[in-house]
Structure formats: C-alpha cells, structure tokens
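Chemist: The structure follows.
The values are calculated or read from the model by the stated rules, or taken from the named source; none is laboratory data. Because the structure is predicted, anything quoted here is derived from the model rather than measured. Ideal geometry is used to build each Cβ from the backbone, glycine not excepted, and the neighbour counts take in all protein chains shown. Each accessible area value is taken on the protein alone, full model and side chains, heavy atoms only, with ligands, DNA and RNA left out. Shrake-Rupley method; radii C 1.70, N 1.55, O 1.52, S 1.80 Å.
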Amino acid sequence: MKVTSEALKRLGVSFVRETSGIAEYTLTSNGLKILLLEHHLAPVVTTTIMYRVGSRNEAVGFTGSTHFLEHMMFKSTNDHDSARGNGFVDMLKPTGADYNAYTGADSTSYVICLPREKLGLALALEADRMRNLKLKDDERESEMTVVRNEFEIGENDIDDVMYKQLMAIAYAEHPYHHPIIGWRDDVEQVPLSRMQEFYDTFYHPNNATLVIAGDFDAEQALSLVRDSFGKIPRATHPFPTVYTREPKQTGARSFELKREGMDNPKLVIGFPTPAASHPDHHALALVADLLGSDSQTTSRLHAALIEPQLALECSSHVAASRDPDLFMLSVTVNGYDKIKLVEKAIYAELERLKRRGVGQREMARVKQANRNGTTLLRSDPMRHAEQICEAEAIADWTWAVEYDDKYDAVTNQDIMRVVRQYLTIDNSTTGRSAQPDKKRHKKTAVDTASDTGDSNSSEEIELPVPLQPEAASTSAVVKPTALAAKVERFVLANGLKVLILPVPDSGVVSVSGAIRAGTSLAGTNCMAPEITAKMLKAGAWGLNKREIATRLDSIGCDLSFSIDEFAVTFDSTFAAAAVTDYLTLLGTVLRQPRFAPSELRRVKSDTEAEARANIGESSTTAGIKIAQALYPRNHVYYRQSLKTEQKHAKSTSIKEVRQFHAEHYVPRGTVLSIVGDVDPASVKETLNSVFGDWTGGKPAPVVVPPGELPAQKRRINVPLSGKSSVEIIIGVPVSLKKADADFSAAEIANAALGIDTLSSRLGVAVRTKYGLTYGIMSSFEDVRFGHAPWLIQFSVNPANVEKALRVVDAVVENFLAEGITERELKDEAGRLYGQYVVALRTTAGLAATLCAREFRGAPLRDLDREWKRLHSVTKAQVDEAMRKHLRYDRAVTVVVGK
C-alpha cells in the first residue's frame, strides 16, 4: 500500500524508491534503512534486521567475536531480563514466534516470524537490544561453553572441517581466512570488553537495514518502526572499513585431512573469484548451476561423477560475498582409490566448458531453473526477507531484484571466458581426505543400571526459577484459523484421497503426498521399502531417469521421496501454470516405475555406501542404540544396525522391489493435498484422468505393538573415538497418540520442558545457566499411531557429560514433582498455537499439514480447532499427563563418544 507524503512527514520517514514490490524508506532521525515487502496470503509477518558487521571485521586474537556477540544479543537489557521473567525469549515464547539469528562473513542478522498481531512486539524487542544490551561477565562465561560446544559439533562434521581448512589455505591475508565461529582459543579467551567494543562500534541504526515482510499495513508498520526505533540516536563515529585485499594466487595449493572412521573420502576445490558485485559473478553462478549437484540428474557433475559411481555426493557453488570469495566444488568420493579419477573428471568438465561452452537448450534449461527458484523463494515472505538482507550485506537490496535479469544476460562467450580466467589448476586450492590407519576403534556398548558419577557428583544443582504468573506475558491475541471450509476433500472411485485448498494470486502450487508404504511393512528385508522408494525416480515405462529429471526441470521443481515407519512422502512446489504437467508426471512415476536391474544395482551400491558412511557418525549411532534398547526386534520402532542395513541392501532383488510396490503402492493407501493458485474443477479433472484407472488392493493396516517400559533406569555407554563432542539421548516409550484425550496436556508439558533450547526448562538450565550444550530439546518422536519414544537429545563436551546428566535429572525430576506453573501453561498454549499459525504461512506448509492430518485420519473440522484444543487444557490435566507418560524413572540413557 502506498503511504501518502503527509503520513510520511508526520512519521518522520523519507521515501527513497520502490521496485518489484519492495519499498525503501529511511527513518530521518537516525538513518535506519527500512524495506517493506507486503505479502497478504497468510496472517504472518517477518522482521529481519541486518547489521553490517561480520567475521570479515575480525582479526587474530578475537576471531568469532561477531558470532559470540550474536549469542549474547539474546541476553538482558535494562527493560528485558529473563531474571524478571520478561527476557527476549520470554516475551516471544507465548506468541509462537520462529526466531533465529545468523552470523556471516559480511553481516549479522536477526529474524522473527510471528502472527501479524504481534509486529509491534517484534520491533520493540529489536529496538531495545540495538543499543540497550547489558553484557555481563557471568553470562559471557556460561555462553562461552555453549559457543565452544557449537564449535565442537562442527569439528565432528567432516564437511565443516574441510571447508574451514579450505578457506584457511585459500586466504593468506584477507579475514575470510578465519572461520565465522572463530578459532577455538579465541572463542575461549576473547574478553567481554572486545564484544562490548564490537557492539558499541557497529550496532547502530545507521549501520542497519530493517526488512518487514508479510501481512501488514505499510503506514501502520512505519508508525510502529518510528515508535520503537525513532528515539535511538545515529552513530556519530565512522564505521571501520576492511581494507585488506588478498594477493593474487600464483600457483596451486593443497592440503590433506586425515580423520579416523572416514570410509568415504572428501574432496574440495576452491577457486578465487570476484565479489558478488563484480560483473562476472552471474556468469560464474551460471557455471556452478551447469555443473550442478548429485540431486540434479540433468547436471554435468551428475553425469561425470554420479553416473559412473565415482562419487556419492557432489555440489558446486560460487559464494556471493562483499569481497572476493571462492567458487567451490565439494565431493564425497566413492572410495580412496577414486580421488584422482574424480579430480580428472572435474577438470575435464571444466575443459569442455572452456572450449565448447554450452548449447542453447542446456543454457535455456538452467536459466529457467534459476527463474523458477526465485519464484518459489519469494512465495515465502520469511525467505524473501532473508534474501533481501543477504543482498544488502554484499551490495544493496537491488542486487537481488536485478539478479535474474543479469543472470539471463550471460552469454556462451561469458561462460567460456570466466572458466578460462578463474577456474584453472594454478588458481586452485584442493583439499583431500587422507586414508586413515586401518586399525579402528571398535565400539563396545557398556550397559549399566545406574549413572556413573564423577568427581563433582556432590555438587548441588541449582535450578532456575520457573516464570511466575505475575510476570508479564505476551500470549498472542490471534484469531483462530478459518481454513476447513475452504478445503475441498473428495475420494476417487479407487479410494485415493484428495484435498484441495485454493490460494488465489499466490502464483504457485504445492503438492504433498503420503503413501502407506513405510519401513514397518518390510517383512524379512528391512531395506526393501527404502530401496523401492529410491527407485521411483530411476525410470518409468516410457521415461528414463534423465527424461524424468528433464521434465522436472521444465516444471521447475524437485520430486524427492522420503520414508519413515509408516509412509513414503513427497512434497513439491512449482509455478501454478505447471500443475497439470506435474500431476501427469507424478502419476507416471508412482504407478509405472520400471525397476530396471541396472538402476537397482546403482541404488543398492549407493545405499550401502550411505550406511557405511554413517557407521562412525555419533548421532546416528545414538539413535540406533536407543531404539534397540527401548524396543524388541521386529517392533515398528526397532532399528537394525548399519551393517545389517548394508547386508539387506546388498541382497535386495528386483522381485522383492516389484512385489513391495505392487502390494503397497495402491490408491486406497495414498493421500494427495494440493494447495495454491488452482482451479479445483480443473485439478479434479486432471486427477481423474491421471489416477482414475489406478487399481490395487487394500492398504496394510497400521499395527503398532505397545512398547514395554524398561524394568529400571539404565545407561548405555558407547565409546567412539575421534569425536570432539559426545551425543546423548535419553528415552522412554510412550503410548501417546494425537487422537488421545490427554494428548494436548502432554504436548503442553513437553513444550514447557524441552520444545525450545532457549526458553524451555531444559534449555534454560543446561544451556543458559550452566552453559553445557549448544542445544537441548525433548520431543515425542511420532504421535500419529502411538507407542513411539519420548526423547531428550543434546551434545556436550566429553568433560561435561556427568554434570550435564545430573542437571537434566534435576530439571525433569523437579518438573514431574512440582508440575507446570500457570504462567507456563498459558505461555505454552500460546506458543504452540502461534507456531501452528506461522507454519501455515506458505502453500507448502498448508499442503504438508493437510496431508499429514488426512494420513492419520484426523477430521478436517479439527483444522480450525487448534486454538480451543490448546487453550482449554488445565494445569491439573498437564500434571497428570506428564506423570503418566514421561516415565523418567524408567528411562534409558545412551552416551556416544569419548
């Protein structure tokens, strides 16, 4: 909506420019840059504030300070303090806001997505912490160990380690040399005064851009911005500039990384390229898209590396940064003996691009895919706001607006020129995995009936005081949704269930599907369901694998199949004009897969390699061990070992795959939800044409045997060397399912205990007070059909395992003994409903919700009863539900690591 000049004058706001639906303003009192992106399809709004300070503003001795300060920005101010029950997260919790922050090389951004009624709250909180943050030594000390744990988690991720090493070798002088999280010693030792200096130097309105995206009135939004930010003075000092430039590289560089347990080696190659504002950036981005990734069947890297089974994963990417950055290729190689072959194949592909360029058809396909990606990104106001902030960080917001036009203007000559100029061996930095010693540490699980104490076991655990009713609460006054009446549900003659929700003027369509063909139906071969799902896109009658991929490219979407215990699911979003083409292709893929023996061999090999790669992965190991401890063999939720999965994958036959598909991929076991800019009558006609003659038997019934409580509380230690952090899972089976009368009460209990790592009881104690973990959460793993586990999951430094477990014990036992507070009850009901509203902000979110509800048999009318369901629960009901279901006295604890 256009804001009148009279209104702008009254508000003290200057209009700057408007293009492509984005309006730029400036708060005249302090220079705050404001960008408004109206998007009225859902009652949700996103605020993103970006400060022009990132890791490029750091140097040795205080690397990671910007990221550390980002963590501290969630601490106290004069007006908002968690000790008084009105801290930043305390205020947002009852609104159900999706909030986060991220630090990059060039900027730091803070995001809040919440119901539109609470826009004023989000702006007030951001304005308050812009200049009123109170940095305290005790909070710095506890948060340091949190950041260090985040660092340690990264050290367990081989891809993260390879990337940090690549940047450190490729950059000798420019601060992109340093990891964004910082070097470990700097993280541990950086003084509070250094963070205070960063805060006082960079956190000012005239060094920030505020983006508001979503469902709001422009004049009202600007009024709220004025009220919140208008009194903050502009900085009077100049903002420091980064003047260090990286010298031109004069020869190839390389490094090796040796890690225990790396069965699938890694290869990374980086080439220095210009800043994102340079004219050559778009040509380099197009080259990266031509090379593609393992998930893009029509891409060049897929043909060169995945098809001949030289690699399991691959990707190409050119960084868009304020200063010159890297064009990167990353590969998970299929064996150490293939590393040189992969390098040779990569440079051969670059040589072809340098000499021959690209044909018109391939060029058009990649350019159209880029346009499609932009359409889908901008259908979500939260993602659109993030894109605009990233553009602001590297150049200006118009960089994002103009990107597609400049991308489309790239010529074949441009492609050949930039490959010759930048992507050469002499201009490269290459990182390779070195084969570890053959002797490997053998995992041996040690099962004990009680916890192992440590030297400080007598230390008293002091728990934070739960928020009290008299403290300020901001439960959102949010209108209940009114969606059910807009949804058209029907069943085809063959039993296929369909839900259609028109969202006019959205410009996109989202399709979600679920087929009752999950792993619980495996029979004697635990991998048959998964391999069947993976084979669906590997070719159909009349379409080979590449032809399927080409059609998906033309539609402008992906079609990936996921599998869990009960369902094979898929989700796609694409431009509305392609709905008929998509549904036609979907019908072919689901109904007529070819299951060619050659493709089965490839899928089996890839599946075996995936299992092999996860053998030394601590979180996977912990997940398998807890499932094996809580459930008997052949139970739905029992997990086979990775070696068993490898064995079964290897033995899977074409006959097994075809038989599983024939028995379980049937219309009566399938649900489709279609949401977006569609004409329901036209979609129904297409569905009848594509799926109307699909036949099949009855779907297998869902049968979940009860899970038996362990006889006593016990602990399983799984030694795993070569890891910087320890993974911990605590679990117990619960009978709970969504249809149960006490589900809402149990859901609220879990939310208060562990739904969020910053504001729930576990997070406030384990992370915020004691600084023992980067993240801790509790959850009911699957409440569709009951008897799934309730889990607490977190990671810690090896030295902090025992203390962390004692803190968790104290929190859970205190919660079960004293029950939920009235303040928590109100806040958590508001949080859960707000999260529900926020999740429905996109067509994809709506489609996924409709499909999931239909699959588990929930009545459509319940779609609009979430507010009443949550807000009618009493404290007595929550206390009863938690003591019934959260049987912590019988829980199994799995500890994986050093």
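Chemist: Within the stretch 778-812, how many residues turn out to be open to solvent by 40 Å² or more (accessible area, probe 1.4 Å) and either within 13 Å of ALA749 (Cα to Cα) or assigned by the TED database to the domain that holds PHE566 (or both)?
Modeler: So the answer is 0.
Chemist: Right, another one. Tell me yes or no: at least one residue of the stretch 565-578 is part of a loop (DSSP other than H, G, I, E, B), open to solvent by less than 30 Å² (accessible area, probe 1.4 Å) and farther than 26 Å from GLN309 by Cα.
Modeler: Yes, the stretch 565-578 contains a residue that is part of a loop (DSSP other than H, G, I, E, B), open to solvent by less than 30 Å² (accessible area, probe 1.4 Å) and farther than 26 Å from GLN309 by Cα.
Chemist: Given the structure, is ARG52 at pLDDT 95 or above and open to solvent by 10 Å² or more (accessible area, probe 1.4 Å)?
Modeler: Spelling it out, ARG52 is indeed at pLDDT 95 or above and open to solvent by 10 Å² or more (accessible area, probe 1.4 Å).
Chemist: Could you say whether any residue in the stretch 84-100 is among the hydrophobic types (A, V, I, L, M, F, W, C) and either closer than 20 Å to GLU392 by Cβ or surrounded by fewer than 20 Cβ atoms within 10 Å (Cβ to Cβ) (or both)?
Modeler: No: zero hits.
Chemist: Would you say ASN100 is assigned by the TED database to the domain that holds ARG194 and assigned to a strand (DSSP E or B)?
Modeler: The answer is yes for ASN100.
Chemist: Among the candidates ASP280, ASP294, ASP263, ASP289, single out the residue that is of a type in the set (Asp, Glu) and more than 22 Å from GLU349 (Cβ to Cβ).
Modeler: ASP263
Chemist: Here are some conditions: (1) of a type outside the set (Ser, Thr, Tyr); (2) open to solvent by less than 10 Å² (accessible area, probe 1.4 Å); (3) touching a residue at least 40 places away in the same chain (Cβ under 8 Å). ALA533 meets all but one. Which one does it not meet?
Modeler: (3)
Chemist: Now for a separate question. Quick one: what pairs do we get from the stretch 637-659, first residue on the phi > 0 side of the Ramachandran plot, second open to solvent by 40 Å² or more (accessible area, probe 1.4 Å), C-beta under 7 Å, 6+ apart or different chains?
Modeler: Matching pairs, first to second residue: none at all.
Chemist: Looking at (1) closer than 30 Å to LEU720 by Cα; (2) surrounded by fewer than 18 Cβ atoms within 10 Å (Cβ to Cβ), which one does VAL892 not meet, given that it meets all the others?
Modeler: (2)
Chemist: Return yes or no: is ALA752 surrounded by fewer than 22 Cβ atoms within 10 Å (Cβ to Cβ), aliphatic (A, V, I, L, M) and touching a residue at least 24 places away in the same chain (Cβ under 8 Å)?
Modeler: When the stated conditions are applied, ALA752 does not pass them.
Let's see how each residue does on (1) under 30 Å from SER379 (Cα atoms); (2) acidic (Asp, Glu); (3) without any contact (Cβ under 8 Å) to a residue 12 or more places away in the chain:
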| site | (1), (2), (3) |
| --- | --- |
| ALA788 | no, no, no |
| PHE794 | no, no, no |
| THR821 | no, no, no |
| GLU824 | no, yes, no |
| LEU832 | yes, no, no |
| TYR836 | yes, no, no |
| LEU846 | yes, no, no |
| PRO859 | yes, no, yes |
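Chemist: Could I ask something else about it? Within the stretch 72-80, is there a residue that is among the acidic types (Asp, Glu), assigned to a loop (DSSP other than H, G, I, E, B), over 22 Å from ALA23 (Cα atoms) and open to solvent by less than 30 Å² (accessible area, probe 1.4 Å)?
Modeler: No, the stretch 72-80 contains no residue that is among the acidic types (Asp, Glu), assigned to a loop (DSSP other than H, G, I, E, B), over 22 Å from ALA23 (Cα atoms) and open to solvent by less than 30 Å² (accessible area, probe 1.4 Å).
Chemist: Can you pull out the residues in the stretch 349-382 that are assigned to a helix (DSSP H, G or I), open to solvent by less than 40 Å² (accessible area, probe 1.4 Å) and aliphatic (A, V, I, L, M)?
Modeler: Listed by number, the residues that qualify are LEU350, LEU353, MET363, VAL366, LEU376, LEU377, MET382.
Chemist: Then there is this: Inside the stretch 595-632, can you point out the residues that are at pLDDT 95 or above and basic (Lys, Arg)?
Modeler: LYS625
Chemist: If you don't mind, there's one more thing I want to ask. Scan ARG639, ARG546, ARG602 and give me the residue that is under 30 Å from LYS898 (Cβ atoms) and either of a type outside the set (Asp, Glu) or in a helix (DSSP H, G or I) (or both).
Modeler: Result: ARG639 is the single residue among ARG639, ARG546, ARG602 that is under 30 Å from LYS898 (Cβ atoms) and either of a type outside the set (Asp, Glu) or in a helix (DSSP H, G or I) (or both).
Chemist: Give all pairs with beta carbons closer than 6 Å in which a residue from the stretch 557-582 that is in contact (Cβ under 8 Å) with a residue 12 or more places away in the chain and closer than 17 Å to ALA528 by Cα meets a residue that is of a type in the set (A, V, I, L, M) and part of a helix (DSSP H, G or I); count only pairs at least 6 apart in sequence or on separate chains.
Modeler: That search, which allows pairs on different chains as well, returns PHE561/ALA533; ILE563/ALA533; VAL568/ALA533.
Chemist: Would you check if LYS737 is closer than 30 Å to HIS661 by Cα and not assigned by the TED database to the domain that holds ARG148?
Modeler: Taking the combined requirement at face value, the residue satisfies it.
Chemist: Is there a residue being in contact with a Gly (Cβ under 8 Å, 6 or more places away or on another chain) and in a loop (DSSP other than H, G, I, E, B) anywhere in the stretch 317-332?
Modeler: The answer is no, given that none of the residues of the stretch 317-332 is in contact with a Gly (Cβ under 8 Å, 6 or more places away or on another chain) and in a loop (DSSP other than H, G, I, E, B).
Chemist: Looking at (1) open to solvent by 20 Å² or more (accessible area, probe 1.4 Å); (2) touching a strand residue (DSSP E or B) at 6+ places or on another chain (Cβ under 8 Å), which is the only condition VAL268 fails?
Modeler: (1)
Chemist: Looking for something among the charged types (D, E, K, R), outside the structural domain of CYS557 (by the TED database), over 28 Å from ARG56 (Cβ atoms) and in contact (Cβ under 8 Å) with a residue 40 or more places away in the chain - is there at least one such residue anywhere in the stretch 383-392?
Modeler: Taking every residue of the stretch 383-392 in turn, none turns out to be among the charged types (D, E, K, R), outside the structural domain of CYS557 (by the TED database), over 28 Å from ARG56 (Cβ atoms) and in contact (Cβ under 8 Å) with a residue 40 or more places away in the chain.
Chemist: Still on this structure, please answer the following. When you check ASP323 against the structure, is it in contact with a His (Cβ under 8 Å, 6 or more places away or on another chain) and either surrounded by fewer than 23 Cβ atoms within 10 Å (Cβ to Cβ) or without any contact (Cβ under 8 Å) to a residue 40 or more places away in the chain (or both), yes or no?
Modeler: Considered against the rule, which asks whether it is in contact with a His (Cβ under 8 Å, 6 or more places away or on another chain) and either surrounded by fewer than 23 Cβ atoms within 10 Å (Cβ to Cβ) or without any contact (Cβ under 8 Å) to a residue 40 or more places away in the chain (or both), ASP323 comes out as yes.
Chemist: Another question, then. For residues that are part of a helix (DSSP H, G or I) and under 17 Å from ARG761 (Cα atoms), tally how many sit in the stretch 783-820.
Modeler: Residues flagged as part of a helix (DSSP H, G or I) and under 17 Å from ARG761 (Cα atoms) within the stretch 783-820 amount to 16.
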